[in-house]
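*Asks:* There's a structure below that I have some questions on.
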Amino acid sequence: MKVREVIEKLELEVITATHPGKEVRGGYSGDLLSNVMAKAGKGDLWLTIQGHQNVVAVALLTGVAAVIIVENLEVEKEAIQKAEEKGVNLLRSKLSAYQLGGRLYQMGIR
Amino acid sequence: MKEKYILEKRIEKGDFNKGGEASSKLKDLLRKLGVDSAVIRKTAIVTYELEMNIIIHSEGGWIRAAISREGIQIFAADDGPGIADLEKAFQPGYSTASDQVREMGFGAGLGLVNIKNYSDELKVDTKTGVGTKIRAIIHLV
Ligand SMILES: Nc1ncnc2c1ncn2[C@@H]1O[C@H](COP(=O)(O)OP(=O)(O)OP(=O)(O)O)[C@@H](O)[C@H]1O
Ligand SMILES: [Mg+2]
């Protein structure tokens, strides 16, 4: 499944989507960056409450397919700028990480 | 023989803006060199944690990297304050990070654990009041 399809199916808000054609392989949810660094893998959807620019750095390093900021939390201007610049897909959902993770799992993203 | 660095980058204290730049740059370099992706992933994790620790916990320092027959070598050197209790620092969950830094998702006390887990060789030299020097090697498979 592509990032584009996930956006449509879950009605995610697109903050930046420079690479909507990226393939989604799995998912990871977490807000402690050292944990995410070790556990998130290439092609994952990363669900987090963190909306600052260090998230973009971690997304880039782990190679996740997209970052999804949950619970409609605020995303910092610098994070958006950096995501655009570095080509990181930055999405947002009003659902909680728990709810969103459940939906993604149901869609077959495991 | 003097090391020839493929990366040499000054890291400033508190410079969260640039957090991850050294590791991203190294990752790109290694990708261009055709290094195995598992090796790149390990290198990225180790370099990122070293880099963030300099930004968060030190007075500033340097990240350097070199490739040799042994593998990818990453050097972190900072201007202090040093790590008073190394054994404690390597314990999962131990962190002296401020609340402000924790709010951004740092301070889980897992950075050094990651560095240890994802490097094949690790050497730490630290002196209170002087600084910390860490050398990590990731073997090429
Ligand atoms: N370069 C350094 N200079 C001085 N102290 C350091 C340095 N690196 C680590 N430390 C000390 O060791 C502790 C543990 O480091 P570690 O990277 O494991 O966790 P952390 O940085 O606090 O949190 P995390 O890495 O999970 O965001 C730090 O809280 C700090 O007290
Ligand atoms: Mg750390």
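The values are calculated or read from the model by the stated rules, or taken from the named source; none is laboratory data. Values in this document were obtained by computation on a predicted structure and should not be read as measured data. For neighbour counting, all protein chains shown are included, and Cβ atoms are generated from backbone atoms with ideal geometry for every residue, glycine included. Ligands, DNA and RNA are excluded from the accessible area calculation, which covers all protein heavy atoms including side chains. Shrake-Rupley method; radii C 1.70, N 1.55, O 1.52, S 1.80 Å.
*Asks:* Given B:95, B:23, which one is at the interface with chain A (Cβ under 10 Å from one of its Cβ atoms) and either closer than 16 Å to residue B:116 by Cβ or in contact with a His (Cβ under 6 Å, 6 or more places away or on another chain) (or both)? Outline the logic, then answer.
*Replies:* On the way: B:23 fails: either closer than 16 Å to residue B:116 by Cβ or in contact with a His (Cβ under 6 Å, 6 or more places away or on another chain) (or both).
Every option except B:95 fails the conditions.
*Asks:* Between B:4, B:18, B:42, which is within 14 Å of another protein chain (Cβ to nearest Cβ) and farther than 23 Å from residue B:89 by Cβ? Steps first, answer last, please.
*Replies:* Values: B:4 fails: within 14 Å of another protein chain (Cβ to nearest Cβ); B:42 fails: farther than 23 Å from residue B:89 by Cβ.
Matching residue, one of B:4, B:18, B:42: B:18.
*Asks:* Kindly indicate whether any position in region B:123-132 is among the hydrophobic types (A, V, I, L, M, F, W, C) and within 16 Å of ligand 2 (Cβ to nearest atom).
*Replies:* So the first thing to find is which residues in region B:123-132 are among the hydrophobic types (A, V, I, L, M, F, W, C), and the list is B:124, B:130.
Those still in the list that are within 16 Å of ligand 2 (Cβ to nearest atom) too: B:124.
Within region B:123-132 (the criterion being among the hydrophobic types (A, V, I, L, M, F, W, C) and within 16 Å of ligand 2 (Cβ to nearest atom)), the answer is yes, since at least one residue qualifies.
*Asks:* Tell me, yes or no, whether region B:114-132 has at least one residue that is open to solvent by less than 50 Å² (accessible area, probe 1.4 Å), within 14 Å of another protein chain (Cβ to nearest Cβ) and within 11 Å of ligand 1 (Cβ to nearest atom).
*Replies:* yes
*Asks:* Of all the strands (runs of 3 or more DSSP E) wholly in region A:1-48, which have at least 2 residues that are within 14 Å of residue A:100 (Cβ to Cβ) and open to solvent by 20 Å² or more (accessible area, probe 1.4 Å)? Write out each step before concluding.
*Replies:* Numbers: elements: A:13-16, A:26-29, A:44-48.
Ranges flagged: A:26-29.
*Asks:* Select from region A:10-27 the residues that are among the β-branched types (Val, Ile, Thr) and within 12 Å of the chain's Cα centre (by Cα) and list them in ascending order.
*Replies:* Selection gives A:14, A:15, A:16, A:24.
*Asks:* In addition: Restricting attention to region B:73-92, and to residues there that are in contact with a helix residue (DSSP H, G or I) (Cβ under 7 Å, 6 or more places away or on another chain) and within 14 Å of ligand 2 (Cβ to nearest atom), which single residue is nearest to the other protein chains (Cβ to nearest Cβ)?
*Replies:* Start the filter on region B:73-92 by keeping residues that are in contact with a helix residue (DSSP H, G or I) (Cβ under 7 Å, 6 or more places away or on another chain), which leaves B:74, B:76, B:78, B:83, B:89-90, B:92.
Add one more test, that the residue is within 14 Å of ligand 2 (Cβ to nearest atom), and what stays is B:76, B:78, B:83, B:89-90, B:92.
Numbers: B:76: 15, B:78: 18, B:83: 16, B:89: 13, B:90: 13, B:92: 10 Å.
The residue in question is B:92.
*Asks:* Could you check residue B:84 against (1) within 18 Å of residue B:16 (Cβ to Cβ); (2) loosely packed, with under 13 Cβ neighbours inside 10 Å and say which number it fails?
*Replies:* Tallying (1) within 18 Å of residue B:16 (Cβ to Cβ); (2) loosely packed, with under 13 Cβ neighbours inside 10 Å, residue B:84 fails exactly one: (1).
*Asks:* Would you pick out the residues in region A:34-54 that are facing chain B (nearest Cβ under 10 Å), touching a strand residue (DSSP E or B) at 6+ places or on another chain (Cβ under 9 Å) and of a type in the set (A, V, I, L, M, F, W, C)?
*Replies:* Once the filter is applied, which keeps residues that are facing chain B (nearest Cβ under 10 Å), touching a strand residue (DSSP E or B) at 6+ places or on another chain (Cβ under 9 Å) and of a type in the set (A, V, I, L, M, F, W, C), region A:34-54 yields A:36, A:49.
*Asks:* State the number of residues belonging to region B:17-64 that are of a type in the set (Ser, Thr, Tyr), surrounded by 24 or more Cβ atoms within 10 Å (Cβ to Cβ) and within 14 Å of ligand 2 (Cβ to nearest atom). Spell out how you get there, then give the answer.
*Replies:* First, the residues of region B:17-64 that are of a type in the set (Ser, Thr, Tyr): B:23-24, B:37, B:43, B:47-48, B:58.
Still in the list and also surrounded by 24 or more Cβ atoms within 10 Å (Cβ to Cβ): B:23, B:43, B:47-48.
In the following step, the residues that additionally are within 14 Å of ligand 2 (Cβ to nearest atom) were identified as B:23, B:47-48.
Number of matching residues: 3.
*Asks:* Same structure, new question: Look through region B:96-107, keep the residues that are closer than 18 Å to residue A:53 by Cα and of a type in the set (A, V, I, L, M), and return whichever of them is farthest from ligand 2 (Cβ to nearest atom).
*Replies:* Restricting to residues being closer than 18 Å to residue A:53 by Cα and of a type in the set (A, V, I, L, M), the top hit is B:104.
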